[in-house]
Structure formats: structure tokens, C-alpha cells
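**Student:** For reference, the structure I am asking about is given below.
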Amino acid sequence: TEKGWYSPSTYLIDKPGGVLIRLLETSDPTESVMDMGCNSGANLNLLYEAGYRRLFGVDASKAALELFARTFPETFKVADVRHDLFQRYLRHCPSGMVDIVHSNGATLELVHPSFPIVAEMCRVARRAVYVDIQERGHAYPRDYISQFQRNGFHLVYCQRPKDLVNQSSKLHFERVQG
């Protein structure tokens, strides 16, 4: 909520971060993009402003999605936005549903390891996955690179900090062809 520790308005940015810049540089507006943990919709709105129209978003915070609808009504109207947990949402998504899956921030890191979040993201993404994640600074560290590789994606871009506990990595994976 707005009164909570991380209020949704904190995420109302007007410039893309590193992983979204990478997505914009290496994709095409005709491609479909799913934003996992879309929060108040700022990243989806930046994609919309860049000409992307096949947009999907999911977030567990009802307050964040309500702020999204008020702040970016045009984007919210165009995007298929769902209030749900990743676990339930992804299980209902068809394989290859979108060209690109994108996630920025402490969203994937909060999913318990009993749910195969990386495998489900790979199943849903036809072409690429872009993530900005703290690889070690949370309760559920994963070896993201090897998990993506096991699920048919290879790392094509990595901006990794020296401090994997307190800083985030920007990773871009592409589906292995063939």
C-alpha cells in the first residue's frame, strides 16, 4: 500500500533502467512483452511510449495495480494486466505465450524455490528473457544462469556487479535455436 514499506509510487519512474534499456535496444515494438512484477506500470508505460502494444503484466499488489490504472490509464487499457501471484498466473499461461518476459527488481527473488519460476518463465517466453535481479542478497538465492541454460536459454548479455549480495545483475537470455 502507499503506507507500506515500499509504496507503489516509489516505482513511478520516467526513464528506463538498465535491463529495460537493453530490452528496448534488442527487441522490436511488434513483439509481445510480459512484465512480471509490473507494480505501478512504469516499465509497461515506457514500452507503450516506445510503440509496444502487445503488453502483459502481473503483480500481487492490488494497490500498485490501482495506481497503474490511475497514473497510466491508456497503457493500462491496452495491456492485459492481472492481479495474481506469479505461481498461479504462469501455470495458466500457454507455452510460448509471449515473445519476451521481463522482470525488474525484487520479484523473482521472493518466489519460494518449491516453484520452478525460471522454468515457467522459459516455457512462456518464445524468444527472450530480461531480468534485473539480486543474485545473492535475499532468502532464496538461485544459480539463475544455469537454470536458464537447463531450460533452453543462453546468456547473451550480463552486467554483473562485484557485490552480488547488495547490488543487482542485469541479464539477457535468448532461446537456443535448433
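The values are calculated or read from the model by the stated rules, or taken from the named source; none is laboratory data. Being a predicted model, the structure only gives us computed values, none of them experimental. Neighbour counts are summed over all protein chains in view; Cβ atoms, including those assigned to glycine, are modelled from backbone coordinates with ideal geometry. Just so you know, the surface numbers come from the protein's heavy atoms only, side chains and all, with ligands and any DNA or RNA stripped out. Shrake-Rupley method; radii C 1.70, N 1.55, O 1.52, S 1.80 Å.
**Student:** Report the rotationally averaged projected area of the chain based on its alpha-carbon convex hull, in square nanometres. Walk me through the numbers on the way to the answer.
**Tutor:** Values: hull surface 38.8 nm².
So the Cα hull casts an average projection of 9.7 nm².
**Student:** Measuring with a 1.4 Å probe in the full set of protein chains, what accessible area per residue, in whole Å², belongs to segment 126-178? Present the calculation step by step, with values, prior to reporting the outcome.
**Tutor:** Details: 2860 Å² over 53 residues.
The answer is 54 Å² per residue.
**Student:** So how many Å³ per residue does the convex hull of the Cα atoms of segment 77-163 work out to?
**Tutor:** Working: hull volume 9.9 nm³, N = 87.
With only Cα atoms used, segment 77-163 gives 114 Å³ per residue.
**Student:** Return one quarter of the surface area of the convex hull spanned by the alpha-carbon atoms of segment 8-80, equal to its mean projected area, in nm².
**Tutor:** Numbers: hull surface 17.0 nm².
For segment 8-80, the mean projected area of the Cα convex hull comes to 4.2 nm².
**Student:** What percentage of the solvent-accessible surface of segment 96-163, computed with a 1.4 Å probe over protein heavy atoms, is contributed by carbon and sulfur atoms?
**Tutor:** Values: 1470 of 2880 Å².
Carbon and sulfur atoms account for 51 percent of the accessible area of segment 96-163.
**Student:** Taking only C-alpha pairs under 8 Å that are 6+ residues apart, what is the relative contact order of the chain in percent? Each step should come with its number before you reach the end.
**Tutor:** Details: 346 pairs, mean separation 32.5, N = 178.
Relative contact order of the chain: 18 percent.
**Student:** Looking only at the chain, where both bridge partners belong to it, what percent of the DSSP beta bridges are antiparallel (to the nearest 5)?
**Tutor:** Details: 12 of 30 bridges.
Bridges in the chain are about 40 percent antiparallel.
**Student:** Say we join alpha carbon atoms closer than 10 Å with springs in a Gaussian network model of the chain; which of Ser168, Ser27, Ser114 then has the biggest fluctuation?
**Tutor:** Highest fluctuation of the listed residues: Ser114.
**Student:** Explain nothing, just the number: dipole magnitude of the chain about its Cα centre with +1 on each Lys and Arg Cβ and -1 on each Asp and Glu Cβ, in debye rounded to the nearest 20.
**Tutor:** Details: 21 positive and 20 negative charges, 69 e Å.
The calculation lands at about 320 debye.
**Student:** For every other residue with a beta carbon closer than 14 angstrom to the beta carbon of Ala119, add +1 if it is Lys or Arg and -1 if Asp or Glu, then tell me the sum.
**Tutor:** Details: positive: Arg91, Arg123, Arg142, Arg150, Arg175; negative: Glu120, Asp143.
Residues close to Ala119 contribute a combined charge of +3.
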